[in-house]
Amino acid sequence: MTDVERQYARAVFSLALERNEVDTLYQELKTFIESLDHNAKQFFLHPRIERLDKQNVLDKVVKNQLLTNFIKVLIDNDRFELIETIAYAYLDLINEMNEVVEVIVYANSKISSNNIERITINLEKKLLKKINIKQIIDSSIIGGLKIEYQGSVIDQTINTTLEALKQTLTGGN
């Protein structure tokens, strides 16, 4: 993610905050992005389709005026292709405001609710923030967990242990 995406996210976030629409705008932005199929994306990205035509479609499809205006700005500045990464940056701002940390937990199968609760409690104590965990099932993991948050990685997978053992036995080569 570049500064450009963060700047757009900050701009629309501050407007949404003024209007008390932070969460609503995010949900509508997310819904808009999810509704875009390949053809719709190509329509908004196509350089030969007039900006006014794209904006007219937005006026008919998007009901939230702030979101409509925001997407129009992206179109006017030829930045529509950044809409997804801007949405991620916007979510980061929401999480920062709410003191929430997004955590991704990788495992080879679904993690029990007890284990998720233990991970949540431990990370909340460590980071002094609320934790939002997203589980990703990764069949390449033999066993154990890999936890990612705020640029940190805690890798307690058997894969990593085996790789370290292999490095030790082969003398680091």
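The values are calculated or read from the model by the stated rules, or taken from the named source; none is laboratory data. All values reported here derive from a predicted model rather than from experimental measurement. Virtual Cβ from ideal backbone geometry, glycine too; neighbours counted across all protein chains shown.
Looking only at residues in region 52-89 that are assigned to a helix (DSSP H, G or I) and of a type in the set (D, E, K, R), which one is nearest to Gln150 (Cα to Cα)? Per the criteria, the residue is Glu84.
Inspection of region 3-13 finds a residue satisfying the criterion of being modelled with pLDDT under 95, of a type outside the set (D, E, K, R) and within 26 Å of Tyr149 (Cβ to Cβ). For region 24-48, the set of residues classified as without any contact (Cβ under 8 Å) to a residue 24 or more places away in the chain and either outside the structural domain of Asn77 (by TED's automatic domain parsing) or among the hydroxyl-bearing types (Ser, Thr, Tyr) (or both) consists of Thr31, Ser35, listed by residue number.
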